[in-house]
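Taken together, the values in this text are just the output of simple stated rules run on the coordinates, not laboratory data. Keep in mind the model is a prediction, meaning the values are calculated, not measured. For neighbour counting, all protein chains shown are included, and Cβ atoms are generated from backbone atoms with ideal geometry for every residue, glycine included.
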Amino acid sequence: MRFRIKVLSIIIALLLLASFSAKSSAFAQDPNLPDTVYIDSAQSPLSEAAVAISFVNDQPLAGFEITIKYDYDPALIFLDSFSFVGGRVDYIPTKGLTRHYLDSAISIWGFPLSEPLIPSGSGLLGHLHFSYPDSLDSILVKIDSVNVQTLLIHWSTSFSDSLANQFAPQFEFGYLYINRNLCCIGQRGDINNDGVDANILDLTYLIDRIFRGGPLLNCDEEGNLDQDVEANVNILDLTYLVDFIFRGGPAPPDCP
């Protein structure tokens, strides 16, 4: 009996997903503030990268579908997974990623069943995780919205409101920039190169370097907190870091 109930639940979920996806190309217009999907831009010197997707909605949502494509050979740049961890819809069990194997296109979707609707607000949806060979360098990959037709299902980017009215949100595309010469990623301040944002360990490392002849920085840009045009790491950067950690001063600026 439990097995039958489980199978029935899966069938109902799939039917709801098909109902949400098999729609016409004409959507109702968002009557209030424009709901928007944002693809972040990320840069990486490594053989893997994570690109964030965020969204804004000014009304509760009963479902979402985001269909995107990256403009590079999927045999070379592979989308490993999409993670909802830490995002606004992490609480919804009925969500996932659908790959469209004829292309480098994917659809990210989800909808509450017995859970509360997705509340109005803004923030992270999740992260696209890419991997690629070490031979790739100086590659700019655009990630943009796309429409995909598979059998009887039309995939696109759309939201569904509390009355099941579907509408197309605005969309902001982003990029993945693969550059092996990069050493400063995200926000400056990872002085000790441990992959963690600026903290007391980075301050200790910088003090050791400036006053005790400690080891060189792996990346001078990480220590260039005052954004000296020559990327010199000195007492001014140390003062900046002390002010940030202990006095509530401004956060370290972003990397170039």
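Per 0.36 nm of contour for each residue apart, how much would the distance between Leu33 and Glu230 grow if the chain were fully extended, relative to their Cα-Cα spacing?
Details: separation 197, 0.36 × 197 = 70.92 nm, distance 4.37 nm.
That works out to 66.6 nm of additional length.
Explain nothing, just compute: Karplus ³J(HN,Hα) = 6.51 cos²θ - 1.76 cosθ + 1.60, θ = phi - 60°, for every residue of the range 169-175 in order, whole Hz, x for Gly and Pro.
Once rounded to whole Hz, the list reads x, 5, 9, 10, 6, x, 9.
When the chain is modelled as a GNM with alpha-carbon springs shorter than 10 Å, which of Leu225, Leu236, Leu113 fluctuates the most?
Maximum among the listed residues: Leu236.
Given a Förster distance of 51 angstrom, what is the FRET efficiency for Thr239 paired with Asp71, based on the Cβ-Cβ distance and rounded to 0.05?
On the way: r = 44 Å, r/R0 = 0.86.
Once rounded, the FRET efficiency stands at 0.70.
From the Cα gyration tensor of the range 183-256, with a ≥ b ≥ c the square roots of its eigenvalues, which class applies: rounded if a/c is under 1.5, or else prolate if a/b is larger than b/c, or else oblate?
Since a/c stays below 1.5, the shape of the range 183-256 is classed as rounded.
Report which label in [x] -0.34, -0.82; [y] -0.26, -0.73; [z] -0.22, -0.69 holds the value of log10 I(q)/I(0) by the Debye sum over Cα atoms at q = 0.07, 0.12 Å⁻¹ derived from the coordinates of this structure.
Only one listed value fits the structure, namely [x].
Can you give the helix-only mean residue ellipticity at 222 nm for the chain, where every DSSP H stretch with n ≥ 4 adds -39500 (n - 2.57) and the sum goes over all residues, rounded to the nearest 500 deg cm²/dmol?
Details: 4 runs with 50 residues, N = 256.
Result for the chain, helices only: -6000 deg cm²/dmol.
Calculate, for Leu113 and Asp144, the FRET efficiency according to 1/(1 + (r/R0)^6) with r their C-beta to C-beta distance and R0 25 Å; round to the nearest 0.05.
Values: r = 30 Å, r/R0 = 1.22.
With R0 = 25 Å, the Cβ-Cβ based efficiency is 0.25.
Out of Phe78, Phe244, Phe173, any idea which swings most in a Gaussian network model of the chain, alpha carbons joined below 10 Å?
Phe244
Determine, from the Cβ-Cβ distance of Leu152 and Ser120 and an R0 of 30 Å, the FRET efficiency 1/(1 + (r/R0)^6), rounded to the nearest 0.05.
Numbers: r = 32 Å, r/R0 = 1.07.
The formula returns an efficiency of 0.40 here.
Picking from Leu241, Leu163, Leu136, which is most flexible by a Gaussian network model of the chain using Cα springs under 10 Å?
Fluctuation is largest for Leu163.
How far apart, in nm, are the 7 Å Cα→Cβ label points at His129 and Ala50?
0.8 nm
Between helix 235-247 and the chain, what is the angle of the helix's C-alpha long axis to the longest principal axis, kept within 0 to 90° and rounded to the nearest 10?
50 degrees
Extension gain Phe173-Ser83, at 0.36 nm per residue separation less the Cα-Cα distance, in nm?
Numbers: separation 90, 0.36 × 90 = 32.40 nm, distance 1.87 nm.
Separation in residues times 0.36 nm, less the Cα-Cα distance, equals 30.5 nm.
Compute the acute angle (0 to 90°) between the alpha-carbon long axis of helix 2-21 and the principal axis of greatest extent of the alpha-carbon atoms of the chain; round to the nearest 10°.
Value to nearest ten degrees: 80.
Would you list Glu48, Glu230, Glu172, Glu222 from fewest to most Cβ contacts within 10 Å? All intermediate terms of the calculation are to be shown ahead of the outcome.
On the way: Glu48 11, Glu230 6, Glu172 14, Glu222 27.
Neighbour counts put them in this order, fewest first: Glu230, Glu48, Glu172, Glu222.
Quick one: compute the contact order of the chain, relative version, from alpha carbon pairs under 8 angstrom and 6+ residues apart, as a percent. Working shown, then result.
On the way: 506 pairs, mean separation 56.1, N = 256.
Once normalised by length, the contact order is 22 percent.
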